[in-house]
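The values are calculated or read from the model by the stated rules, or taken from the named source; none is laboratory data. This structure is a prediction, so every number in the text was calculated from the model and none was measured. All Cβ positions, even for glycine, are placed from backbone atoms using ideal geometry, and neighbour counts span all protein chains on display. SASA here: full protein model, heavy atoms, side chains in, ligands and nucleic acids out. Shrake-Rupley method; radii C 1.70, N 1.55, O 1.52, S 1.80 Å.
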Amino acid sequence: VQLQASGGGLVQAGGSLRLSCAASGSISRINPMGWYRQAPGKQRELVATVTKAGSTNYADSVKGRFTISRDNAKNTVYLQMNSLKPEDTAVYYCNAYDSGMKYHYWGQGTWSPVSS
């Protein structure tokens, strides 16, 4: 499985960004897909996940501001980030979980700093 993420970049506090991640390869067992992030000096943490059926899960810190969605036909997951805060500054990683092999695949990470 290969994951190609795009859409990160510098944004001012209060602004918005949209991240995209396209999966390719042996993706039949991929479920769910999602996003994690790692801020400087901190551990990687869950941001949001979405299943093929559309069920979503969010970290408390992003609820009401971020929206995850998935286009199964395009094998792509999106993360719409609104009302961004400086504490959202992190490298954002796309994640795909192979439910058969019980293995996590990771994208290359996209750096998204939020300036105050």
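See the values below:
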{"item": "Cα centre as origin, Lys/Arg/Asp/Glu Cβ charges: the chain dipole, Debye", "result": "140 debye"}
{"item": "Tally of Lys pairs whose C-alpha atoms are under 18 Å apart, taken over the chain, 8 or more apart or cross-chain", "result": "4"}
{"item": "Sum of side-chain charges, GLN43 neighbourhood, beta-carbon under 15 Å (Lys, Arg +1; Asp, Glu -1)", "result": "+1"}
{"item": "Whole-percent pair-distance distribution, where bins are 10 Å wide, for the alpha carbons of the chain", "result": "15, 50, 29, 6, 0"}
{"item": "Computed over segment 4-116: relative contact order in percent, which uses C-alpha pairs under 8 Å that are six or more apart", "result": "36 percent"}
{"item": "nm² value of the averaged projected area, convex hull over the Cα atoms of segment 59-116", "result": "5.0 nm²"}
{"item": "Residue-span extension gain [GLN38 to HIS104] - 0.36 nm each, minus C-alpha spacing", "result": "22.2 nm"}
{"item": "Dipole magnitude of segment 50-115 about its Cα centre (Cβ charges: Lys, Arg +1; Asp, Glu -1), debye to nearest 20", "result": "160 debye"}
{"item": "Portion, in percent, of the accessible area of the chain that falls on carbon or sulfur, probe 1.4 Å", "result": "48 percent"}
{"item": "Charge context of SER112, other residues only, Cβ under 15 angstrom, K/R +1, D/E -1", "result": "+3"}
{"item": "Pairwise FRET efficiency - SER116 versus GLN4, Cβ, R0 = 22 Å, nearest 0.05", "result": "0.10"}
{"item": "Burial ranking of peptide ranges 15-27, 89-101 (average Cβ count within 10 Å, highest at the top)", "result": "89-101, 15-27"}
{"item": "Calculated SAXS-style log₁₀ I(q)/I(0) at q = 0.12, 0.14, 0.16, 0.29 Å⁻¹ - segment 33-93, Debye, Cα scatterers", "result": "-0.28, -0.38, -0.49, -1.31"}
{"item": "Segment GLN12-ALA73, length gained on full extension (0.36 nm per residue, minus Cα span)", "result": "18.7 nm"}
{"item": "Charge context of ASN75, other residues only, Cβ under 14 angstrom, K/R +1, D/E -1", "result": "+2"}
{"item": "Where the chain is the region considered: accessible area per residue in Å², 1.4 Å probe", "result": "52 Å²"}
